[in-house]
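The values are calculated or read from the model by the stated rules, or taken from the named source; none is laboratory data. Everything numeric in this text was worked out from a predicted model, so none of it was measured. Cβ placement follows ideal geometry from the backbone for every residue including glycine, while neighbour counts extend to all protein chains displayed.
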Amino acid sequence: MTTTRSNQDLAKGGLKPSLFPDSASVATANIATANVATANVAGDTLDASLLQSMMESLKNDIFGKIDASAASLHSEILSVRQELKSSVEPLQRAVEAHEATMRDLEQAATDHSTRIGKLEATVDMLTSQVKRLDDKFEDLEGRSRRNNMRVMGIPEGLEGPCATDFVAQFLRDLLKLDETPLLDRAHRTLRERPKEGTLPRPFVVRVHFFHIRARSCSGLVNPLSSLQRQEDLHFPGLYVLRCQEASCFCAS
């Protein structure tokens, strides 16, 4: 009745009643709209849960693959580390051995350097001592040869079995001495006996008294000076040359 009245009122106002739905129609429309909205909300809820489940599944798949790859990579890394360790250990032992050897060599070099320094000092000391001994030896050799003289020109074999007695008598006759000079020894130089027609070996004579030796070699410094005194050097049938016996240092 309310709806009819409302339509009559609208008709009185000049409006068409069909353009304005009644309350029942509006309520029905509202219910339908609510149902559609509810269906849409339910569909959205279903889609969200499905999407979430799919995302969870995808996430689980990704995590599973990552875990599998990580496990495989971890095992490979462990294998490589083991191989490197097995390869590096011998090298490390070799390096340690070389380090020990180098330390030993450094210590040995230090010890050798110290010993070489001491040896150099010892060598310097010994060198100075040898120099002094050489000087003394040369002086002693010169002093020991001070009473020596050489007599050259006496033919081989003329001295007979006793060369010392022969040379003593020879010097007495040659130098016209009052008595036979005392000789410690007399012998020919130690070399091969010369062939016939060559110069004979000289006699090395050691006179016991220096004044006799000085008189025998008076005025003679070297063999060439004897050429100036040929009248004193003649012996019946011989030409005799006298000279002083010098040390090997002087001769060189």
*Just wondering, is there one or more residues in segment 141-157 that are within 21 Å of PRO202 (Cα to Cα), surrounded by 11 or more Cβ atoms within 10 Å (Cβ to Cβ) and without any contact (Cβ under 8 Å) to a residue 60 or more places away in the chain?*
yes
*Write out, first by first residue and then by second, each pair whose Cβ atoms fall under 6 Å of each other, whose residues are 6+ apart or on separate chains, and whose first residue, in segment 159-175, is surrounded by fewer than 19 Cβ atoms within 10 Å (Cβ to Cβ) while the second is basic (Lys, Arg).*
THR164/ARG185
*Answer yes or no as to whether LEU73 is under 24 Å from the mean Cα position of the chain (by Cα) and either closer than 30 Å to PHE210 by Cα or at pLDDT below 90 (or both).*
no
